[in-house]
Amino acid sequence: MTLGQFRLDGQVALITGGNRGIGLGIAEIFGEAGAKCVITARRDHPEGEAQLRAAGAEFDFVSADATDPATPERLVRHTIERYGRIDILVNNAGIARHGDTEDFDDERLEAILATNVAQVFRFSRAALPAFTAQGSGVILNVGSISGLASNVPQNQAAYNASKAAVHMMTKSLASEFAARGVRVNAVAPGYIDTDMSRGGFANPDWDPIWRQMTPMGRYGTVEEVANAALFLCSPAASYVTGAVLAIDGGYLTR
Ligand code: NDP
């Protein structure tokens, strides 16, 4: 047994939503672990790319809307053309929309389902032929504690449903592809300090409630999620598939 099993030397990862927030943290630690990464998002985030360069990560940023049905196959093809192979897919891109259900319009509902569910399926479907052809590959989905518990008082029925779908897709793909050398896992973060939380549930009304509901009494960091992502995507987790790993400061112990 060696600590080298936690490294990703020679491996190539495609990370959606990879240049800020949790995705950026994952790209950074993957880079440190020796992987080359294609990262994608709709907009350029120069600070994230500067952070990756400073960390010495080898990466390629491609601007793309993950909800465009043509994007997943194009990006998997691009990854293979750019770095010669693909070993890891991290389905991280996601959005949060909250509000009382009676007032929750179709536009927000459709945006949630397209971004958090349909593109996760399409990216996975696009990467699986390469994974099964080489007899190895890892998919890591970014789910949420919101896929395992409701979020009163924020009210997020659509977001809750989308993340529960991600968890179930994880388990279903894990069992479908285990015999072909593909592992599929998910992380379920609790409240993590990112643009998403700063723009939503970290507002002054809700902040004390979240802290009280989280036994550790604080938000998590992107690094704490990225550490778990590295484990699940590395050879150290070679017997782990279909897992949904909560990184939540004890939130789900309630
Ligand atoms: P951020 O809002 O900080 O980052 C989201 C990332 O996704 C950005 O890079 C964004 O880039 C990208 N993205 C969003 N929509 C699209 C799209 N249509 N096409 C391509 N890229 C897209 O969020 P977090 O880092 O906090 O969240 C990352 C994941 O973690 C999400 O799936 C979220 O649901 C999940 N999560 C977050 C928690 C938290 O507390 N922060 C808790 C539990 C789960 P751009 O806008 O430029 O497209």
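Laboratory data are not the source of any read-out in this text; all were calculated from the coordinates shown. Only a predicted model underlies this, so the values are computations on that prediction, with no experimental measurement involved. Because the Cβ atoms are built from the backbone with ideal geometry, glycine has one as well, and the counts that use them run over all protein chains shown.
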Next on the checklist: Working only with C-alpha atoms, what are the Rg and Dmax values of segment 41-174, expressed in angstrom?
Outcome noted: 16.4, 49
Checklist outcome for this item: Per the charge dipole of the chain (beta-carbon charges, Lys/Arg positive, Asp/Glu negative, Cα centre), the residue among L232, G99, I39 reaching farthest to the positive end is L232
Checklist entry - How far apart, in nm, are the 7 Å Cα→Cβ label points at M216 and D44? => result 3.6 nm
Item to check | Directionally averaged projected area (convex hull, Cα atoms, segment 2-247), nm² | outcome: 12.9 nm²
Next on the checklist: What does the net charge come to around V184 if you take all other residues with beta carbon closer than 9 Å to its beta carbon, with K and R at +1 and D and E at -1?
Outcome noted: +1
Item to check | Cut-off 19 Å, label 7 Å out along Cα→Cβ of D195, residues of segment 55-71 by amide N | outcome: 60-68
Checklist outcome for this item: Over the Cα atoms of segment 106-189 the radius of gyration and the largest Cα-Cα distance (Dmax), both in Å, equal 14.0, 47
Item to check | Full-stretch length increase - D207, T253 - with 0.36 nm per residue and alpha-carbon distance subtracted | outcome: 14.6 nm
Checklist entry - What net charge do the residues around L3 carry, taking every other residue with its C-beta under 15 Å from that of L3, with Lys and Arg at +1 and Asp and Glu at -1? => result -1
Checklist outcome for this item: Kirkwood Rh for segment 1-87 from C-alpha pairs, in Å, is 13.0 Å
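Could you compute the net charge surrounding A50? Neighbours are other residues with a C-beta less than 14 Å from the C-beta of A50; K and R count +1, D and E count -1.
Computed value for this residue: -2.
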Checklist entry - Counting pairs of alpha carbon atoms under 8 Å apart in space and at least six apart in sequence, what relative contact order in percent does the chain give? => result 20 percent
Checklist entry - GNM, the chain, Cα, under 10 Å: largest mean-square fluctuation among E58, E47, E73? => result E47
Checklist entry - Based on the mean of other beta carbon atoms within 10 Å per residue, what is the order of 119-132, 229-242, most packed first? => result 119-132, 229-242
Checklist entry - When the helices in the chain are scored as -39500 (n - 2.57) per DSSP H run of 4 or longer and the sum is shared across all residues, what 222 nm value do you end up with, to the nearest 500 deg cm²/dmol? => result -12500 deg cm²/dmol
Next on the checklist: Below 8 Å between Cα atoms, with a sequence gap of 6+, how large is the relative contact order for segment 1-107 in percent?
Outcome noted: 31 percent
Checklist entry - Taking the Cα centre of segment 2-247 as the origin, how large is its charge dipole in debye, to the nearest 20, when only Lys and Arg (+1) and Asp and Glu (-1) carry charge on their Cβ atoms? => result 820 debye
